[in-house]
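The values are calculated or read from the model by the stated rules, or taken from the named source; none is laboratory data. Worth saying up front: this structure is predicted, and the values here are computed from it rather than measured. Quick reminder, even Gly has a Cβ in these numbers, built from the backbone with ideal geometry, and neighbours come from all protein chains shown.
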Amino acid sequence: MLVDVTRQTDALLEAVSDLTDADVGEPSLCPGWTRGHVLTHVARNADAMTRLLAGAAVGEQWPMYHENPSREQEIEAGAGRSIAELEADIEASADRFLATCADLPPAALDNVVRLRTGREYPARQVPWLRWREVVLHHLDLDTGFDLATAGPLVQRLLAESIEALSRKPDAPNLRVVAADTGRTWTLGDSGNEPALVVSGRSGGLLGWVSGRTDGDDLDRTPEGGKLPVLPPWG
């Protein structure tokens, strides 16, 4: 997993290296956030994940983010920096995270960490959580990143995302088909045959399910069927 985290971090940094200071202030795909906000969040998330693992290493649950300054204050304070400062911050924070992962004692892998949402995971899952952050926020930069290049872990994230969506009371009644793997999910009222089937490659489906893309690249049956508005991802 750490190899995959490193690969996607490098891909993100390569995209960042092509941005200018003017690009930093442009809107991202995250409502209300510029690219500078997204990039600052990526760096502070690495530090937050590092903090979780440092706590797990000593058998404690440490909070992801500081109370003062808060997560939101840190992101806002860092959003207007130059692209050089943002790139250096992402690289340094990623290095700290990877070093902490490498140093985590095997006996601590099953120690439980708690995210700011209250969800709990064994420490061994933290690299996966970091991979999700890097990949989805790379997409949020709106610089042409194709989820298909993120490898087979996209299929895992798609499955997790759809399964989480299916548990929401306002999930629409439809069938989702990943054309590249043949995997199928049925959402909504299990007592009724879905009126709409949405299909596409895993990357395209994930972009839509996570709220990052409008789904125009997806196929619909019957043809011309309108894509439903999905509940917020996460």
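For the stretch 216-233, the criterion of being aromatic (Phe, Trp, Tyr), touching a His at 6+ places or on another chain (Cβ under 7 Å) and closer than 30 Å to residue 43 by Cβ is met by none of the residues.
Can we say residue 174 is free of Cβ contacts under 8 Å to residues at least 40 places away in the same chain and not assigned by TED's automatic domain parsing to the domain that holds residue 20? For residue 174, the condition - free of Cβ contacts under 8 Å to residues at least 40 places away in the same chain and not assigned by TED's automatic domain parsing to the domain that holds residue 20 - is not met.
When you check residue 113 against the structure, is it in the same structural domain as residue 64 (by TED's automatic domain parsing), touching a strand residue (DSSP E or B) at 6+ places or on another chain (Cβ under 7 Å) and not charged (D, E, K, R), yes or no? Against the criterion (in the same structural domain as residue 64 (by TED's automatic domain parsing), touching a strand residue (DSSP E or B) at 6+ places or on another chain (Cβ under 7 Å) and not charged (D, E, K, R)), residue 113 qualifies.
Checking each residue in the stretch 133-167 for being part of a loop (DSSP other than H, G, I, E, B) and either among the hydroxyl-bearing types (Ser, Thr, Tyr) or on the phi > 0 side of the Ramachandran plot (or both) picks out 142, 143, 144, 151. The condition of being in contact with a Gly (Cβ under 7 Å, 6 or more places away or on another chain), at pLDDT 95 or above and of a type in the set (A, V, I, L, M) holds for only one of 123, 79, 84, 88, that being 79. What do you reckon, is residue 157 of a type in the set (A, V, I, L, M, F, W, C), crowded, with 17+ Cβ neighbours inside 10 Å and free of Cβ contacts under 8 Å to residues at least 60 places away in the same chain? Judged against the criteria, residue 157 is a match.
If I ask for residues that are assigned to a helix (DSSP H, G or I) and surrounded by 12 or more Cβ atoms within 10 Å (Cβ to Cβ), which ones from the stretch 100-127 would you list? Listed by number, the residues that qualify are 100, 101, 108, 123, 124, 125, 126, 127.
Residues in the stretch 186-228 that are of a type in the set (A, V, I, L, M, F, W, C) and over 21 Å from the mean Cα position of the chain (by Cα): 187, 195, 196, 197, 198, 227. Quick check on residue 186: is it hydroxyl-bearing (Ser, Thr, Tyr), farther than 29 Å from residue 98 by Cβ, in contact with a Pro (Cβ under 7 Å, 6 or more places away or on another chain) and not assigned by TED's automatic domain parsing to the domain that holds residue 45? Spelling it out, residue 186 is indeed hydroxyl-bearing (Ser, Thr, Tyr), farther than 29 Å from residue 98 by Cβ, in contact with a Pro (Cβ under 7 Å, 6 or more places away or on another chain) and not assigned by TED's automatic domain parsing to the domain that holds residue 45. The residues of the stretch 38-60 that are under 21 Å from residue 72 (Cα atoms) and over 15 Å from the mean Cα position of the chain (by Cα), listed by number, are 47, 50, 51, 52. Between 91, 60, the distinction of being crowded, with 16+ Cβ neighbours inside 10 Å and not aliphatic (A, V, I, L, M) belongs to 91 only.
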